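Read-outs throughout are calculated quantities, based only on the coordinates presented, and are distinct from any laboratory measurement. These numbers come from a predicted model, not from an experiment. With ideal geometry, Cβ positions are generated from the backbone for all residues, glycine too; neighbour counts draw on all protein chains shown.
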Amino acid sequence: MTEPIRLYLDEDTINRALIAGLRARNVDVMTAQEAGRIGESDETQLAFATSEQRTIFTFNTRDFVQLHREWLEKGQEHAGIVVSDQLQVGVVLRRLLKLLDARDSAEMRNWLEFLSNWR
């Protein structure tokens, strides 16, 4: 049986409506705030998400695309990165749910996904 994607929302993506919408659909979500990690660097956030076997979701596309490249070049593994433009919550929620329905945690390993691909 495949394991569902477990999300970690960095501080840029923390939104009560988004979190409530995901949890109402039984998505396993942890936020940077819940983890006590507000204000930590992007690399520290990615390392934490990876240690928790969670795919990180962020609006910080530029920095996380770069981190993805750096980690792969160094042979470091991560549990997946999903990047998105800042859109209306309903749009983000629908796109995330499509992604979560189509992929599992193994498919996200070391993968960088653009949420814009899930229209």
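Taking each residue as 0.36 nm, the span from Ala102 to Glu70 lengthens on full extension beyond its C-alpha to C-alpha distance by 8.8 nm. Taking 17 Å as the cut-off, the amide N atoms of region 46-83 that come nearer than this to a point 7 Å along the Cα-to-beta-carbon line of Glu11 belong to 46-49, 57-61, 63-64. The distance between label points at Arg94 and Thr2 comes to 2.3 nm (points 7 Å beyond Cα on the Cα→Cβ vector).
Since only Gln33, Asn15, Leu97 are under comparison, the one whose Cα sits farthest along the positive direction of the charge dipole of the chain, derived from C-beta charges on Lys, Arg, Asp and Glu, is Leu97. Candidate values (1) 40; (2) 47; (3) 50 were compared with percent of Cα pairs over 19 Å apart computed on the shown model; the agreeing label is (1).
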